[in-house]
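Before any comments, here is the structure.
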Amino acid sequence: MQSATRLTLLLCAAWAATVLYGEMGAYWASYLACSWPSPPNNHVKIAVVADPQLMDSTSLGLPSSSIALQAAEFYTDLNMRRSFQSAILPFEPDMVLFLGDHFDGGPYMSDEEWQESLFRFKHIFSLNEQRRKPHIPIYYLSGNHDIGYSAFFSAHPEVLSRYEKEFGSRNYQFSAGKVDFVVIDAQTLDAGARKSKERSSSWEFIKTLSPGNTSNPKVLLTHIPLYRPDNTPCGPHRSSAVINQRVSYAAFDQGITYQNYLTKETSDLLLSLLQPVLVLSGHDHDQCTVVHSTPFGPVTEHTLGTISWQQGNLYPSFMLLSAGPKLSQNSTDLKHEVMTNLCFLPKQTHIYIWYICQFAVTVLLLVFWPTNGLSSLPYMNTFVSFMRSVGAELVSRTKEKDDEEDGEYEMVFDAEGSMHLVKKAVAKAPSASSDSRTIGRGSVVARATAGKHQLEPDSSILVEMGSEMTSEDGAKLARPSKSKVRKVLQRLFRVIQSLVVIAALNVPLYMMLLFKDWIDH
């Protein structure tokens, strides 16, 4: 019973360490593993987040009242809130940038559902707490999961007005240090319907930002990535297969229903008109870095992976970007005006798999752990005795070596006058045994025997407690034993008792961490 108690306490400690790391320590580790790409003293620090894509009733095909959907929403929202508060905000960014797809079913939700998702979005990313903290500017891009593609919002223009009412214009520009950031609504650029009002307004905005109007370097921000040839390598941070180009058009030139990348014509025109030094995009849910060849030089594009662990990427991430010096400088070297560093968040799927595996190991240990500990296992005593003998042999050899080294030596000179050190012989005194004596009398040697009258055990009266007894007529009589059912019930009770103790100590800890991270401060 003592062995089972020790096992239970050991499992309690293991679960406490696991919960603390999985619910809190893993996010601290992500924070400590990343850093700003340059000394942040004279640069504007920008945290970049892509594709939160909050789950809703359109995500899993489940009704809003479904417990499964509510659980998925809660744990996904909680994970992103922890990531934002514990791994992103501690870097103290000067501004935050979202690269689109704030919601999952944004275009298809009713106004009531959309407002509910908007409230969750603000709660996850601490926007409801801005009044208690120094104001951090936040900039947004529109994504296809926010307003849809041109084939949808052309027929439902209300989704555009609903988005702009909360998140602002879909095409705009802002500056950070000596760098200009150009935000475009990529869903309208390849609209399909050439006379689309939304497409025309987006291109008119882009043409006003020609390189001759400003000397500051530009960063292009687009939710949909620029065109790249099929099977283009995405760099070492890619965790899934590369997705090739696919564009689907609605019938009768009614616009686009889906696209992975912008078309080659649109991408080339964007690069030639804006001549950016860097392009940031989302939409792909996985990391991808490509270099576009242009007449004015190579342009790097970073496609960020999603911040959500529920959007098909086991390795969620965010980016830290340093943009230009805050103070005006006379230097014309723009090489290091924009620097980026990709940061990875905890692998939440792996953490939950870890929980499941540890629970299975816990149950197996409690079920099969010997009642008397490991010493009752077969060959365990033999193994322990063997290890003790090995240790005793090593100790004895060390002692003999020490005795040889501690012996006395004398100098002896040979016939030629050379000196040699010779160890002195040590005479050992005879030792007397306490339990036997040798008595000499003439030529007769007598030994006194101790315990002469001690009775030796008679093998005929040794009876094993668990053996069978035989009656006078030769019939075997079975010795009463504990019922196997009773043993199983006792073991089951012990397992349940241990699980209750482990849960009683760790469930409150887990719930405390949940409420700590979920409640607004």
Report summary line: Here the range 37-348 gives, from Cα atoms, an Rg and Dmax in Å of 18.8, 61
Query raised in the report: How long are the semi-axes of the ellipsoid equivalent to the range 74-133, from square roots of 5 times the Cα gyration tensor eigenvalues, in whole Å, largest first?
Result: 23, 12, 12
Requested in this report: With all protein chains present, calculate the accessible area of I519 using a 1.4 Å probe and round the result to the nearest 10 Å².
Outcome: 90 Å²
Query raised in the report: How much accessible area does L60 have with a 1.4 Å probe, in Å² rounded to the nearest 10?
Result: 100 Å²
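Averaged per residue, what accessible surface does the range 37-348 expose to a 1.4 Å probe, in Å²? The partial results should precede the final answer.
On the way: 12960 Å² over 312 residues.
Averaged over the residues of the range 37-348, the accessible area is 42 Å².
Among residues other than T263 whose Cβ falls under 12 Å from its Cβ, what is the net charge (Lys/Arg +1, Asp/Glu -1)?
Working: positive: R228, R246, K264; negative: D190, E265, D268.
Surrounding charge for T263 is 0.
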Query raised in the report: Could you sort W203, W28, W518, W309 by accessible area so the largest value comes first, with the probe set to 1.4 Å?
Result: W28, W518, W309, W203
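How would E198, E301 line up by accessible area, probe 1.4 Å, largest first?
On the way: E198 25, E301 0 Å².
The most accessible residue leads, giving E198, E301.
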Query raised in the report: Which whole-number percentage describes the relative contact order of the range 37-348, with Cα contacts under 8 Å and a sequence gap of 6 or more?
Result: 22 percent
Query raised in the report: Can you pull the percent of the range 37-348's accessible area that's carbon plus sulfur, 1.4 Å probe, other chains left in place?
Result: 53 percent
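Keeping all protein chains in place and using 1.4 angstrom, which order do M55, M339, M387 fall into by accessible surface area, from largest down? Before the final figure, lay out the partial values.
Values: M55 5, M339 45, M387 95 Å².
Ranked from most to least accessible, the order is M387, M339, M55.
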Requested in this report: Provide the convex hull volume over Cα atoms per residue for the range 231-333, in Å³.
Outcome: 162 Å³
Query raised in the report: Just how much of Y108 is accessible, in Å², when a 1.4 Å probe is used and the result is rounded to the nearest 10?
Result: 150 Å²
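Ratio of alpha-carbon Rg to the 2.2 N^0.38 Å globular estimate for the range 12-134, to two decimals, please.
Values: Rg = 16.9 Å, N = 123, 2.2 N^0.38 = 13.7 Å.
With N residues counted in the range 12-134, Rg over 2.2 N^0.38 Å equals 1.23.
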Requested in this report: Would you give the gap between the C-alpha center of the range 259-281 and the C-alpha center of the range 23-77, rounded to a whole Å?
Outcome: 27 Å
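The values are calculated or read from the model by the stated rules, or taken from the named source; none is laboratory data. Computed from a prediction, not measured in an experiment: that's the story for all the values here. As a convention, Cβ positions derive from the backbone with ideal geometry for all residues, glycine included, and neighbour counts pool all protein chains shown. Quick note on the areas: whole protein, heavy atoms, side chains included, nothing else; ligands and nucleic acids left out. Shrake-Rupley method; radii C 1.70, N 1.55, O 1.52, S 1.80 Å.
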